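Taking it in order: structure first as structure tokens, then the write-up.
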Amino acid sequence: MKVIAIANQKGGVGKTTTAVNLASGLQSKGARALCMDFDPQCNLAKYLGHVPDEAPTITEFIFASATYQDMPDTSRLIRHSESGIDYIPCNIALAKVDMVLAQAMFRERVLSDTLERILPEDLYDYLIIDCNPSMGILLINALSASDQVLIPVQTEDFAADGMEDMLELIQIIKRQINPRLEVLGVLPTMAASNQVSRSVLEHLHTNYPGLTFPCEIKRCVDAAKSCRQHKPLIGSKSKLSEQYLAVTEEVLRRMEAVM
Ligand code: ADP
Ligand code: MG
């Protein structure tokens with residue numbers, strides 16, 4: 001199983017939309033894909049129509065792991081959305097996990113260890129992790145558990161500003177914690193036909209030529225609609241469906257190149 005983190009310390013750049021639709025796109029290409037919500041705002045689970053229930057989420061597994069308690073029952077760890085996507089939800093208590101993690105031994109590796117213990121290695125080809133928008137211990141855990149990072153960047157003013165910090169964090173994690181970690185690419189999102197959007201796009205292609213995806217996601221109201229209706233864009237009539245399929249194909253090309 002290859003683990004791909006969808007990460008950017010900025011919020012509202014299209015991480016969750018990309019996580020859901022990459023999982024859906026991979027599935028449409030015949031790959032076995034699982035996605036996981038790792039943002040206490042729980043937007044990925046909401047997108048998939050998740051209704052909170054009694055069964056443990058990744059939050060409870062992390063807590064148990066970080067406090068050396070027995071793992072909860074894993075039989076309902078993986079949920080299936082009505083739209084046919086397999087996912088692991090989190091809950092809002094994940095926001096408090098930093099305090100527990102701060103005291104845990106090997107605190108950067110708690111997620112990675114937890115996943116190894118609860119998720120059979122050969123059940124899925126891909127695990128897509130939807131990360132939270134800050135550079136704290138949750139993001140560090142997600143990156144420490146990943147093989148690849150995909151960075152969605154909104155093509156708007158200042159949107160590319162945080163890129164250097166993000167790339168630096170990835171290099172530190174690669175050096176100190178997880179030597180497998182690679183940058184899969186930079187995905188321009190919410191591209192529009194205005195001057196600002198075009199210049200950010202140009203900036204990305206000029207400054208990160210190999211990393212920036214040749215395809216981009218355009219700004220379109222269908223994204224919000226798909227979220228409200230709990231249906232991925234892939235397979236819908238939206239233009240974003242084709243765009244996310246092109247992204248999926250690029251991801252598959254890049255993953256094959258590294259294997
Ligand atoms: P993040 O996870 O980075 O916070 P989201 O994927 O939740 O970003 O997107 C933020 C908001 O922008 C959501 O309301 C979402 O529906 C909307 N959105 C996502 N992608 C697009 C797009 N291509 N065009 C227009 N709106 C989008
Ligand atoms: Mg999100």
Exercise. Scan region 200-222 and give yes if some residue there is within 16 Å of ligand 2 (Cβ to nearest atom) and without any contact (Cβ under 8 Å) to a residue 40 or more places away in the chain, otherwise no.
Key: no
Exercise. Please enumerate the residues belonging to region 28-70 that are under 19 Å from Asp98 (Cα atoms), surrounded by fewer than 19 Cβ atoms within 10 Å (Cβ to Cβ) and within 16 Å of ligand 2 (Cβ to nearest atom).
Key: Pro40, Gln41
Practice problem: Please state which of the following conditions Pro133 fails to meet, knowing it meets all the rest: (1) in a loop (DSSP other than H, G, I, E, B); (2) free of Cβ contacts under 8 Å to residues at least 60 places away in the same chain. | Solution: (2)
Quiz prompt | Residues being surrounded by fewer than 16 Cβ atoms within 10 Å (Cβ to Cβ), away from ligand 1 (no atom under 12 Å from the Cβ) and among the basic types (Lys, Arg) - total across region 225-248 | solution = 1
Quiz item: List the pairs whose first member sits in region 50-63 and is in contact (Cβ under 8 Å) with a residue 40 or more places away in the chain, whose second member is assigned to a loop (DSSP other than H, G, I, E, B) and hydroxyl-bearing (Ser, Thr, Tyr), and whose Cβ atoms are under 9 Å apart, counting only residues at least 6 apart or on separate chains?
Solution: Phe61/Thr74
Exercise. Output the residues belonging to region 79-93 that are of a type outside the set (D, E, K, R) and either in contact with a helix residue (DSSP H, G or I) (Cβ under 6 Å, 6 or more places away or on another chain) or buried (at least 17 other Cβ atoms within 10 Å of the Cβ) (or both).
Key: Ser81, Ser83, Ile85, Tyr87, Ile88, Pro89, Cys90, Asn91, Ala93
Exercise. Go through region 49-98 and give me each residue that's β-branched (Val, Ile, Thr) and part of a loop (DSSP other than H, G, I, E, B).
Key: Val51, Thr57, Thr67, Thr74, Ile78, Ile85
Self-check item: Positions within region 1-16 being within 8 Å of ligand 2 (Cβ to nearest atom), surrounded by 24 or more Cβ atoms within 10 Å (Cβ to Cβ) and either of a type outside the set (D, E, K, R) or closer than 16 Å to Glu250 by Cα (or both), in sequence order
Solution: Thr16
Self-check item: Residue satisfying condition, being out of contact with any Gly (no Cβ under 9 Å at 6 or more places or on another chain) and at pLDDT 95 or above, within set Glu156, Glu168, Glu164, Glu121
Solution: Glu168
Exercise. Would you check which residues across region 136-157 are more than 14 Å from ligand 1 (Cβ to nearest atom) and part of a loop (DSSP other than H, G, I, E, B) and list them?
Key: Gly136, Ala145, Ser146, Asp147, Asp157
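The values are calculated or read from the model by the stated rules, or taken from the named source; none is laboratory data. Only a predicted model underlies this, so the values are computations on that prediction, with no experimental measurement involved. No Cβ is skipped: glycine too gets one built from the backbone with ideal geometry, and neighbour counts run over all protein chains shown.
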